[in-house]
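Working notes, structure below.
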Amino acid sequence: MSNEARALPGQGSNHPYLRSGLLHCLLIAASFVMLYPILWMLAGSLRPAEDLFGGGASLVPSQVTIKAYSQGWFGMQVSFGHFFLNSLLIATLATLGNVLAASLAAYAFARLNFFGRKLWFALMLGTLMLPYHVTLIPQYVLFLKLGWINTWLPLVVPKYFAVDAFFIFLMVQFFRGIPRQLDEAAQMDGCSPWRIYYKIMLPLSLPVLATAGIFSFIWTWEDFFGPLIYVSDMSLYTVQLGLRSFIDSSGTSSWNELFAMSILSLIPIFLIFLFFQRLLIEGIATTGMKR
């Protein structure tokens with residue numbers, strides 16, 4: 001009887017491990033379902049063109065070839081590597097502008113007292129409810145009059161004027177969590193608002209700055225509509241417009257090359273998440289929390 005009594009706790013102790021194992025199996029299965037389209041696209045890029053849709057849902061190619069990668073990279077008038085450099089340059093410049101301008105605007109809303117601050121902050125938040133397509137025509141007319149059509153300027157310059165209210169709101173919530181005593185102590189030492197901004201606020205706000213930078217880079221890298229509207233010269237194409245070039249007006253497509261270049265276009269996004277996920281999670285988790 002005593003042996004059975006001692007065995008019961010041991011049996012019960014397996015329940016948490018069993019529950020944890022089942023949970024992990026469920027998460028792995030869900031992850032596979034979400035990753036399946038990417039895995040199938042990877043398998044399709046390694047299949048011969050004639051066997052692309054013959055494999056059905058299988059992830060294992062009957063024949064493996066990397067011909068689609070070389071053809072996709074060098075198969076157009078402009079090398080696909082040129083599109084990568086264009087996207088990298090545009091995304092980098094846009095990210096720098098977003099982080100700099102949004103942090104300045106957020107610092108003003110969170111720390112400075114000026115006339116109509118609450119009104120301007122409410123108007124800024126109101127722009128979040130405006131779809132991008134509502135302002136598209138006025139913006140296009142403005143850039144047309146400035147002579148910026150068929151250049152990168154419409155894709156980069158607005159980022160330096162704090163046009164993304166989401167990032168401003170994100171940073172405002174983070175800045176409000178930083179104790180005001182630091183500002184007061186710095187003011188007593190003779191620091192100006194500019195010095196407080198770049199000596200105190202920015203070093204303490206690395207997680208939210210990284211979060212804004214990561215999202216800004218990814219959204220700019222993946223943007224298709226903006227370059228489609230403003231860019232017509234193939235030498236200025238981004239990666240997304242380059243991918244669109246594999247589909248012609250008749251509907252026929254170079255699917256192997258399209259899949260191959262799509263896989264390559266995901267590599268920068270994957271690397272950013274791989275190296276900066278700690279800062280990304282920290283920035284999202286601590287936004288709006290009191291320290």
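Some observations on this one:
- Here is the figure for segment 66-81: residues that are closer than 23 Å to D51 by Cα, touching a residue at least 40 places away in the same chain (Cβ under 8 Å) and either acidic (D, E) or assigned to a helix (DSSP H, G or I) (or both) total 6.
- Output for segment 162-196, where each listed residue is in a helix (DSSP H, G or I) and closer than 30 Å to L130 by Cα: A165, F166, F167, I168, F169, L170, M171, V172, Q173, F174, F175, R176
- Considering segment 157-203, the residues that are among the hydroxyl-bearing types (S, T, Y) and open to solvent by 80 Å² or more (accessible area, probe 1.4 Å) include one that is modelled with the lowest pLDDT, namely Y198.
- Qualifying positions in segment 41-54 - open to solvent by 50 Å² or more (accessible area, probe 1.4 Å) and either touching a Phe, Trp or Tyr at 6+ places or on another chain (Cβ under 6 Å) or part of a helix (DSSP H, G or I) (or both): L42, A49, E50
- Selection within segment 135-156 - free of Cβ contacts under 8 Å to residues at least 60 places away in the same chain and either within 20 Å of N98 (Cα to Cα) or open to solvent by less than 80 Å² (accessible area, probe 1.4 Å) (or both): T135, Q139, V141, G147, L153
- Matching option when the condition is in a helix (DSSP H, G or I), open to solvent by 50 Å² or more (accessible area, probe 1.4 Å), modelled with pLDDT of 90 or more and at negative phi, among L264, L228: L228
- Pick from segment 80-129, criterion of a type in the set (S, T, Y) and open to solvent by 40 Å² or more (accessible area, probe 1.4 Å), ranking: farthest from the chain's Cα centre (by Cα): T127
The values are calculated or read from the model by the stated rules, or taken from the named source; none is laboratory data. Just so we're clear, the structure is a prediction, and the values are computed from it rather than from any experiment. Note: ideal-geometry Cβ built from the backbone for every residue, glycine included; neighbour counts use all protein chains shown. Accessible surface areas use protein heavy atoms only, side chains included; no ligands, DNA or RNA. Shrake-Rupley method; radii C 1.70, N 1.55, O 1.52, S 1.80 Å.
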